[in-house]
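Following: one structure in structure tokens, then a few remarks.
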């Protein structure tokens, strides 16, 4: 089978979607399928394309043995009309590059951006191929929850996006949800038939993320790590507030690794704190080293019921490396942490509760170590990419 993976974001960009889609492409290829990726010039979280791709309208390259076709995109971040142009520019340029794509049997496209579905439908019809929509965020509903004042949340653009969403659902052969919460919303709230919905969560590459001896992280100071994108949805200001309340603990340090739309705000909030360190993003293969030197990972979400269906991608790499999670959130992932005894769960947005959980691991590292081992065993058994993609393929091909 020849699979065309259509996405605005792909390696060498760093992010949850890029990691998941790169892994999907690699493991489809390893399973004997041919894979072609149609994507944009890399520009995630940037107002310009990455060095080496400037000024190009179309290029072909190979990544991990997979043919990658790249088309022009208007690079922009934020939630203004410029971001809308960013989405629409790749929708148009990828459609114009349709003649460059090979004959394929299955078109697999990532949403958001939702507009890309128009190109995906056209490509699937041209090839008489099956069409699979992969939903990592319930757009446009998430826009009103995250940015109610943005251009995307205003009528008539929002209403048009809702109509486009329903139109795409009808034309897809299968719709893949990244989290159980999205899967439930598609079935229970949007009325999609259960047989039309599949589950393909974020997973881990077992060759990269392996259990690390917890004694490596038991020296002082204890490092509590937040790694990944710094976005509005993550509610990371709670971590800064917790760090402020723990300034008296010279044995506790907070480290932020990554970038995103709220990083500058976080840096400003912590400018007077000696126990908070900010670092640039690291490539995927550098994440295990960051995790090896921490006592636990901090994963926070904003205190809003909308995020109860969210499962941040940064969770499973930490667990796979035998590092426990302190999760400030609700929903199915909170239940998973409790059931597997692989971390601690605190209410979102409550800095005092987060600080208390951090002190527990700092004072009782043997508990942190045991929770980490529990998480590693569970994650490698259930969330390796080979297990997830083989399970997904069974439904995608029927």
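Only the coordinates and a few stated rules stand behind these numbers; no lab work does. Please read these numbers as outputs of a predicted model, since none were measured by experiment. Glycine also receives a Cβ, built like all others from the backbone with ideal geometry; neighbour counts cover every protein chain displayed.
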Using alpha-carbon coordinates, inclination of helix 365-382 to the longest axis of the chain, degrees: 20 degrees
Hull shadow area, averaged, region 214-382 [alpha-carbon convex hull, nm²]: 8.6 nm²
GNM flexibility winner over the chain from 92, 116, 273 (Cα, springs under 10 Å): 273
Approximate spin-label separation residue 391-residue 282, in nm, with each point projected 7 Å along Cα-to-Cβ: 2.9 nm
Whole-percent pair-distance distribution, where bins are 10 Å wide, for the alpha carbons of region 67-210: 11, 37, 36, 16, 1
For region 31-96, fraction of C-alpha pairs farther apart than 13 Å, in %: 64 percent
Simple label model, 7 Å out from Cα along Cβ direction - residue 100 to residue 34, nm: 1.8 nm
Residue of 172, 321, 271 that the Gaussian network model of the chain assigns the largest fluctuation, springs spanning Cα pairs under 10 Å: 271
Helix axis angle, 116-127 relative to the chain longest principal axis, alpha carbon, degrees: 40 degrees
Calculated on alpha-carbon atoms, Rg and Dmax of the chain in Å: 20.9, 65
Mean shadow area of region 48-130 over all directions, Cα convex hull, nm²: 6.0 nm²
Whole-Å distance, taken between Cα centres, linking region 203-254 and region 277-307: 6 Å
Inter-site label distance for residue 303 and residue 173 at 7 Å from Cα along Cβ, in nm: 4.7 nm
Hull-based mean projected area of region 339-398, where the convex hull spans the alpha carbons, in square nanometres: 5.8 nm²
Chain lengthening between residue 339 and residue 47 when straightened (0.36 nm per residue, less Cα-Cα): 100.9 nm
Extent along principal axes [Cα atoms of region 169-289; Å; largest to smallest]: 56, 33, 22
0 to 90° range, to nearest 10: angle between helix 157-171 axis and the chain longest Cα axis: 70 degrees
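Given a Förster distance of 22 angstrom, what is the FRET efficiency for residue 88 paired with residue 67, based on the Cβ-Cβ distance and rounded to 0.05?
After rounding to 0.05, the efficiency reads 0.30.
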